[in-house]
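Have a look at the structure below before the remarks.
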Amino acid sequence: MPDADGSARHTDPRVVSAALAGLRAPRKTLPPWLFYDDEGCRLFYRITALPEYYLTRAERAPLAQAAAYVAERMPPGSTLVEYGGSDETKALTLLEQDRRTFTRYVPIDVAAGALEAVRQRLGDRLPSLAVHPIAGDFMDDIPLPAGGVRLGFFPGSTIGNLEPEQAQAFLRRCRLALGPNALFLLGADVRKDPAILVPAYDDAAGVTAAFNHNLLVRLNREAAANFDLRQFHHRAIWNDAESRIEMHLESLTAQVVTLAGEPVSFMAGETIHTENSYKHRPEDLVALANQAGWRLDRMWTDPDRRFAVYLLE
């Protein structure tokens, strides 16, 4: 049925199940993959250009250095597998370094529409590149198309959104899926002063707040919910003990929201924990990768050591 603004509602059982499981937990949560509908992707790309969001800018130099090194390490005819690849911008740093190195590109992401746009853009820009998008959750076991030695690519510090145990399990699954002689190029934010970290997740223009609130918009649309966005406040806090930024949506009042006909009660001040972003010391991240069966080949950082790119083998 249509909403009051005329937009269509299509209840998604997977969204309903995930949302109810998280919102019925003793401490309410929502899984981060819910962020990335089409509007969430657009908002995230806006976030990456914000003055407070240093990560994208800090990643550029070490990624460019890594790309030149990888082009020498990988044999011609290799396959680039990007986890969370809903935009090809960072992959192009690798794909265009030496067009003989990577002849196949496999972006994996939950945003099917964004993947199709990637395929079309790369078809125009790199017509000799075989592009095989896979719409799915990269945390699942996903079979990869055959062909060539593979480089796994996980940029942008998305590894920080995973609990350490999840990150280790993910890296282990990637090692098995990528196969013999594979390498893995990993971007990760570095622990630093909270005065730099917190504004990156709570910008003055309110784009990150809109990104966080868009979760509720999606639940209203895809889970027959009736969240009033005005009654939930975006919060970003630094958890020093866990070395992570946390994003929350705080209920401004005691209220009951329905989701797929099920009531969900909130106390005033109660939050929905929507995202973690762990900030790893390099030695800690290398130790985590070692536990997953990888070892460090080389690491690059920006001049201020705000961001690190790791090549694992």
Conditions (1) over 26 Å from residue 169 (Cβ atoms); (2) surrounded by 15 or more Cβ atoms within 10 Å (Cβ to Cβ); (3) touching a Pro at 6+ places or on another chain (Cβ under 6 Å): number failed by residue 231: (3)
Expected output for segment 288-313 (first residue farther than 22 Å from residue 56 by Cβ and among the β-branched types (Val, Ile, Thr), partner modelled with pLDDT of 95 or more and surrounded by 14 or more Cβ atoms within 10 Å (Cβ to Cβ), Cβ below 6 Å, 6+ apart or cross-chain) is none
Could you please give the count of residues in segment 6-50 that are within 26 Å of residue 263 (Cβ to Cβ), touching a Gly at 6+ places or on another chain (Cβ under 9 Å) and hydroxyl-bearing (Ser, Thr, Tyr)? 1
Considering only residues that are β-branched (Val, Ile, Thr) and either in a loop (DSSP other than H, G, I, E, B) or outside the structural domain of residue 117 (by TED's automatic domain parsing) (or both), which ones fall in segment 67-86? none
Can residue 195 be described as without any contact (Cβ under 8 Å) to a residue 60 or more places away in the chain and either of a type in the set (A, V, I, L, M) or part of a loop (DSSP other than H, G, I, E, B) (or both)? yes
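So which residues in segment 91-119 are in contact (Cβ under 8 Å) with a residue 60 or more places away in the chain and either assigned to a strand (DSSP E or B) or out of contact with any strand residue (DSSP E or B) (no Cβ under 8 Å at 6 or more places or on another chain) (or both), if there are any at all?
Filtering segment 91-119 for residues in contact (Cβ under 8 Å) with a residue 60 or more places away in the chain gives 91, 94, 109-111, 113-114.
If the condition is that a residue be in contact (Cβ under 8 Å) with a residue 60 or more places away in the chain and either assigned to a strand (DSSP E or B) or out of contact with any strand residue (DSSP E or B) (no Cβ under 8 Å at 6 or more places or on another chain) (or both), then 109, 113, 114 are the ones that fit.
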If we scan segment 24-45, do we find a residue that is modelled with pLDDT under 95, among the hydroxyl-bearing types (Ser, Thr, Tyr), closer than 21 Å to residue 201 by Cβ and not assigned by TED's automatic domain parsing to the domain that holds residue 171? yes
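The values are calculated or read from the model by the stated rules, or taken from the named source; none is laboratory data. Keep in mind that what you see is a predicted model, and the values were worked out from it rather than measured. Glycine gets a Cβ as well: all are built from the backbone with ideal geometry, and neighbour counts include every protein chain shown.
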